[in-house]
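J.: Here you go, one structure.
The values are calculated or read from the model by the stated rules, or taken from the named source; none is laboratory data. It should be emphasised that the depicted structure is a prediction, and the values quoted were computed from it without experimental measurement. All Cβ positions, even for glycine, are placed from backbone atoms using ideal geometry, and neighbour counts span all protein chains on display. Ligands, DNA and RNA are excluded from the accessible area calculation, which covers all protein heavy atoms including side chains. Shrake-Rupley method; radii C 1.70, N 1.55, O 1.52, S 1.80 Å.
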Amino acid sequence: MRGSEAGCGLSWRKERGPVAMAALGIAMGGGSWFSALVLGVTLLKCLLIPTYHSTDFEVHRNWLAITHSLPISQWYYEATSEWTLDYPPFFAWFEYALSHVARYFDQEMLNVHNLNYASSKTLLFQRFSVILTDALFVYAVHECCKCIDAKKAGKEVTEKPKFILSVLLLWNFGLLIVDHIHFQYNGFLFGLMLLSIARLFQKRHMEGAFLFAVLLHFKHIYLYVAPAYGIYLLRSYCFTANKPDGSILWNSFSVVRFISLGLIVFLVSALSLGPFLALNQLSQVFSRLFPFKRGLCHAYWAPNFWALYNALDKVLSVIGLKLKLLDPNKIPKASMTSGLVQQFQHTVLPSVTPLATLICTLVAILPSIFCLWFKPQGSRGFLRCLILCALSSFMFGWHVHEKAILLAVLPMSLLSVEKAGDASIFLILTTTGHYSLFPLLFTAPELPIKILLMLLFTIYSISSLKILFRKEKPLFNWMETFYLLGLGPLEVFCEFVFPFTSWKLKYSFIPLLLTSVYCAVGITYAWFKLYVSVLTDPPVSKTKKQ
């Protein structure tokens, strides 16, 4: 056993050097400070290797086994494990490619019947596969930094918007704990998204469209922001000119550009879905990708509108029982707070269907889409629309995961270093969104890690943006300051007080409920504040070709 552990330790040391050097090499074009940031965060990721990992670790190990040991015709049918393959085909091929490296670490991890297999070599392989693929995220951050307006650049390197943005993205607390503790592969996926955004900022529309099309076939959650891409590319690429007042010049429509965009989407989709179409398995693939038999909320409520809706229903049911207005025998047995994800019925308020959430989401997205079309604000208007699409889908979507908040937090980082108003929204959204991820790490050894990392990231974010916009009005008003400070007492109660109360056994759901509802208030406020900003900002008038 000792020899095995020594071997694992040796392989860790052998792997860590190339990982850091690879990321360092990619970053060299951005200056020594960028390289130092990349190297520092890479070493931190290596230090997090022995920490707790969630069931997502077994999910991805199982997908390695499925794609390696079974023919493609069985990938989306295999159900030996409860963690069936439910990502789009490009991600399945990604797992297939990883599996051919994994066999040199531990062949047993690729056995479909080895459920919950987690040898030390398997752990090292999966952890390092996340770290290595983050190289794409590093490159994307470097490209995004080129798109930032440097007018506010201070004399010190640490006061430059590009430096601040690099820290906000590379050292993002949420991405660190979700990928490198909890365990997922969000880094390279967000790298694809940020790179596609950077390409649109750089007027390289075809590249941006291609990257986003590829991204959709890696993880379909990015459909949340597809409306922003579709409308922006149609408005700013297919239509090549505007009138002097900023409205669209209809005779500037380019059929060639429109067909080119359509061809990109078609070819990427054909490459991804073609094999399953040939096997007559498209319906099976889509049934895995969109499992509407799951409940309205995830096991842990994402801090969105439905968390507030569920909490209100819970409060009304308790009041109804106390006042004897409700019959206890008629209350549904499936509790919203039991941790189950199956379908259920609300007690007092009307139960919510997938169709209802779809309608709510579309209604919430439409104003931002209209603004993008009728009141264009350039590439930054597109970015605001993208964030609003992500937030609206997070707020009103069906069975939303709490981790989906990162889909809005990371792009919002780009806006935060350019305008004080956006910086304020970013800080509220990020602080509450990151805190809402705390329940993902529920083991005792990770408690000081998550508290320390979030404190460091939050303090840096607030202090650096305050310095950047020191000549403008304060980033927070008294109400916002009071709300954010309230996260401290909430954490003390949930982690250090509640476990010692008599409520722990009977009302074990209370910490999750309080965290979800409290954070839902902040995220809803940030969403509303960003919407007001988008609706009230003047359009950018341009007549030249885009």
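J.: For residue 450, state whether it is touching a helix residue (DSSP H, G or I) at 6+ places or on another chain (Cβ under 7 Å) and in a helix (DSSP H, G or I).
T.: yes
J.: Sticking with this one: Which of the residues belonging to segment 133-147 are surrounded by 22 or more Cβ atoms within 10 Å (Cβ to Cβ) and assigned to a helix (DSSP H, G or I)?
T.: Residues satisfying the conditions are 137, 138, 140, 141, 142, 144, 145.
J.: Could you say which residue among 211, 234 is closer than 23 Å to residue 137 by Cβ and open to solvent by 20 Å² or more (accessible area, probe 1.4 Å)?
T.: 211
J.: In addition: When only residues in segment 453-488 that are among the polar types (S, T, N, Q) and part of a helix (DSSP H, G or I) count, which is farthest from residue 519 (Cα to Cα)?
T.: 464
J.: With the checklist (1) farther than 20 Å from residue 403 by Cα; (2) among the hydroxyl-bearing types (Ser, Thr, Tyr); (3) open to solvent by less than 30 Å² (accessible area, probe 1.4 Å) in hand, flag the one item residue 458 doesn't pass.
T.: Of the numbered conditions (1) farther than 20 Å from residue 403 by Cα; (2) among the hydroxyl-bearing types (Ser, Thr, Tyr); (3) open to solvent by less than 30 Å² (accessible area, probe 1.4 Å), the odd one out for residue 458 is (1).
J.: Report the residue count in segment 195-208 for those that are surrounded by fewer than 16 Cβ atoms within 10 Å (Cβ to Cβ) and among the polar types (S, T, N, Q).
T.: Of the residues in segment 195-208, 1 are surrounded by fewer than 16 Cβ atoms within 10 Å (Cβ to Cβ) and among the polar types (S, T, N, Q).
J.: Which of the residues belonging to segment 199-241 are free of Cβ contacts under 8 Å to residues at least 60 places away in the same chain and assigned to a loop (DSSP other than H, G, I, E, B)?
T.: 202, 204
Here's the yes/no breakdown for (1) over 17 Å from residue 176 (Cβ atoms); (2) in a helix (DSSP H, G or I); (3) modelled with pLDDT of 95 or more:
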residue: 20; (1), (2), (3): no, yes, no
residue: 25; (1), (2), (3): yes, yes, no
residue: 40; (1), (2), (3): no, yes, yes
residue: 53; (1), (2), (3): no, no, no
residue: 58; (1), (2), (3): yes, yes, yes
residue: 65; (1), (2), (3): yes, yes, yes
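J.: What pairs come up if the first residue lies in segment 31-54 and is farther than 22 Å from residue 122 by Cβ, the second is in a loop (DSSP other than H, G, I, E, B) and at pLDDT 95 or above, and their beta carbons are under 6 Å apart, counting only those six or more places apart or on different chains?
T.: 41/171
J.: A follow-up question, please. Under 30 Å from residue 62 (Cβ atoms) and surrounded by fewer than 20 Cβ atoms within 10 Å (Cβ to Cβ): does that describe residue 223?
T.: Numbers: under 30 Å from residue 62 (Cβ atoms): yes; surrounded by fewer than 20 Cβ atoms within 10 Å (Cβ to Cβ): yes.
Taking the combined requirement at face value, the residue satisfies it.
J.: Here's something else I'd like to know. Please specify each residue of segment 502-511 satisfying the condition of being open to solvent by less than 70 Å² (accessible area, probe 1.4 Å) and part of a helix (DSSP H, G or I).
T.: 510, 511
J.: Further, regarding this structure: In segment 244-278, how many are in a helix (DSSP H, G or I) and either surrounded by 14 or more Cβ atoms within 10 Å (Cβ to Cβ) or of a type in the set (Val, Ile, Thr) (or both)?
T.: 17
J.: Something else now. Please enumerate the residues belonging to segment 368-403 that are in a helix (DSSP H, G or I), closer than 20 Å to residue 521 by Cα and open to solvent by 10 Å² or more (accessible area, probe 1.4 Å).
T.: First, pick out the residues of segment 368-403 that are in a helix (DSSP H, G or I): 368-374, 378-396, 402-403.
Within this subset, residues satisfying the condition of being closer than 20 Å to residue 521 by Cα are 387-396, 402-403.
Passing the criteria: 396, 403.
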